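Please read the structure below before turning to the comments.
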Amino acid sequence: MFFAVGSLLFSWLLLRGRMIPLPLAGLGVVASATWIVGLPLQNAGLLPGPLTYAMWILMAAFEVPFALWLIVKGVASPAAAAVGRA
């Protein structure tokens, strides 16, 4: 649960800072929020198995492209992002 909250905060900062493409950062926010809601429901036995697979797939759809993005492009620094918009 703590990792899901940390992932949500990290994805939110990436979204706000525009350090990675907005759709990718938005997907991270949605995937992390899904985990924050879904994990307690799964532990309580209220979430069936197929829906938990959807949570895993959604997070993988964020983490794999995000990792590749960091390896290939890195993140935009705030100064470079401000110069690029001007």
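Assorted remarks:
Condition check ((1) under 22 Å from Ala76 (Cα atoms); (2) open to solvent by 60 Å² or more (accessible area, probe 1.4 Å)) across all residues:
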{"residue": "Leu27", "(1), (2)": "yes, no"}
{"residue": "Ala31", "(1), (2)": "no, no"}
{"residue": "Gly38", "(1), (2)": "no, no"}
{"residue": "Tyr53", "(1), (2)": "no, yes"}
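- Figure legend. Inter-residue proximity from segment 57-71: first residues in contact (Cβ under 8 Å) with a residue 60 or more places away in the chain, second residues of a type in the set (Asp, Glu) and surrounded by 15 or more Cβ atoms within 10 Å (Cβ to Cβ), beta-carbon distance below 6 Å, spacing 6+ or different chains. No pairs are indicated.
- Test: residue in segment 8-16 that is modelled with pLDDT of 85 or more, surrounded by 13 or more Cβ atoms within 10 Å (Cβ to Cβ), touching a Pro at 6+ places or on another chain (Cβ under 8 Å) and assigned to a helix (DSSP H, G or I): no
- Listed by first and then second residue, the pairs linking a residue in segment 3-21 that is more than 17 Å from Pro65 (Cα to Cα) to a residue that is of a type outside the set (Lys, Arg), with Cβ atoms under 6 Å apart and 6 or more places separating them unless they lie on different chains, are Ala4/Ser32; Ala4/Trp35; Ala4/Ile36.
The values are calculated or read from the model by the stated rules, or taken from the named source; none is laboratory data. Note that this is a predicted model, so its numbers are computed, not measured. Here Cβ is always computed from backbone atoms with ideal geometry, including for glycine, and neighbour counts include all displayed protein chains. Ligands, DNA and RNA are excluded from the accessible area calculation, which covers all protein heavy atoms including side chains. Shrake-Rupley method; radii C 1.70, N 1.55, O 1.52, S 1.80 Å.
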